[in-house]
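Comments concern the structure below.
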Amino acid sequence: MSALSDQLVTFAILAYLVAMISHAVEYALGNARKVPAAAPARELVGAGVGGPGGTVEEPATPAPTRPDRSAARAALAGRIAAWITVLAAALHLGAVVTRGIAAERMPWGNMYEFVLTVTWIGAAAWLAVLWKQPSLRRLGLFLTLVMVLLLAFAELKLYVQVVPLMPALQSYWFIIHVSTIIFASGIFLLGVVPAVAYLMRSGWEQGKRSFPYTLARRLPAAAGLERLTFTLHAFAFPIFTFAVIAGAIWAEAAWGRAWGWDPKETWAFISWVVYAGYLHARATPSIRRNVATWIAVVGFLTMLMNLFGVNFFFTGLHSYAGV
């Protein structure tokens, strides 16, 4: 089962890569300039109602223009990308499940398994958003790029063989605490995609034509991206809050204290404060939406620090990365 999980991860990465390329094709074809259609030619067609020898002018059916064909091909590429993303997510889920079967436990015992599960939550949440709002499909280019980068990094740098769960983690709180942290992290992972897209699209709508604002030319309107960013973060934040509280309760039972400013605890608290600051800023009319969205991006950077930086550069009671 472990070998099957490894193979499924590889196939999932390839599928996400193909989906990303298909989204890129949609982007490229969607950038075709629309040329005003020429006035349709008029043909002389004989008709009995015009009397003997009479004629009536009827417009000839115009041939499809090149921009029309490009738009149709862009839409097809986008639909293909969406379905390949579904396939990639299915392969991804298979990798997570088979890893758990091989380990005979929930597959969250080390950093590799954590990243594998968080990225799947992000992909599944994206497919749910896409099903509800198909007009946001072009965000899939950025989402699949994130999936490819994170999964490739996990395979190259974080991979470890299946091992039994450490004694310190053998508790029912492991499932409660880690599952909620994973779920919230996956939603935050998805939330940063429309956040960055909004910042670029907002700049484009304000007349900025330098890189990276040019990447946002074909993105949905900035207002819709900003609303999606807020919705995702407002949904994930209470779950993240519960996960931090559950971790404190578990720490009290395992180590005799609820909070000890361990590096992992400290950065979790920092992330919580930053995301709370984002939601507060978003609800404050005097604070510009761009400023609030930048706070959300900073929040995700603190999550990355908590996931990668703490495990690589610090040692503490939460040193279970396995790398």
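The values are calculated or read from the model by the stated rules, or taken from the named source; none is laboratory data. Computed from a predicted model, the values in this text were never measured in an experiment. We place every Cβ from the backbone using ideal geometry, glycine too, and count neighbours over all the protein chains shown. To get the accessible areas, we keep the full protein, side chains included, count just its heavy atoms, and leave off ligands, DNA and RNA. Shrake-Rupley method; radii C 1.70, N 1.55, O 1.52, S 1.80 Å.
Values computed for the structure shown
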read-out: Check on Phe269, open to solvent by 40 Å² or more (accessible area, probe 1.4 Å), in a helix (DSSP H, G or I) and in contact (Cβ under 8 Å) with a residue 60 or more places away in the chain; value: no
read-out: Enumeration of residues in the range 252-266 that are touching a residue at least 40 places away in the same chain (Cβ under 8 Å) and outside any loop (DSSP other than H, G, I, E, B); value: Ala253, Ala254, Trp255, Pro263, Lys264, Glu265
read-out: Residue count for the range 1-12, restricted to those that are β-branched (Val, Ile, Thr) and either open to solvent by 30 Å² or more (accessible area, probe 1.4 Å) or free of Cβ contacts under 8 Å to residues at least 12 places away in the same chain (or both); value: 1
read-out: Complete set of residues in the range 193-209 that are part of a helix (DSSP H, G or I) and surrounded by fewer than 24 Cβ atoms within 10 Å (Cβ to Cβ); value: Val196, Leu199, Met200, Ser202, Gly203, Trp204, Glu205
read-out: So Thr241, is it crowded, with 18+ Cβ neighbours inside 10 Å and part of a helix (DSSP H, G or I); value: no
read-out: Hey, Ala75 within 20 Å of Trp126 (Cα to Cα) and modelled with pLDDT under 90 or not; value: yes
read-out: Check on Ala321, at pLDDT below 95, open to solvent by less than 60 Å² (accessible area, probe 1.4 Å), more than 16 Å from Ser185 (Cα to Cα) and among the aliphatic types (A, V, I, L, M); value: yes
read-out: Hits in the range 111-128 (condition: more than 11 Å from the chain's Cα centre (by Cα) and open to solvent by less than 10 Å² (accessible area, probe 1.4 Å)); value: Met111, Tyr112, Glu113, Val115, Leu116
read-out: Residue within the range 143-160 that is surrounded by fewer than 20 Cβ atoms within 10 Å (Cβ to Cβ), modelled with pLDDT under 85, assigned to a helix (DSSP H, G or I) and out of contact with any strand residue (DSSP E or B) (no Cβ under 6 Å at 6 or more places or on another chain) present; value: no
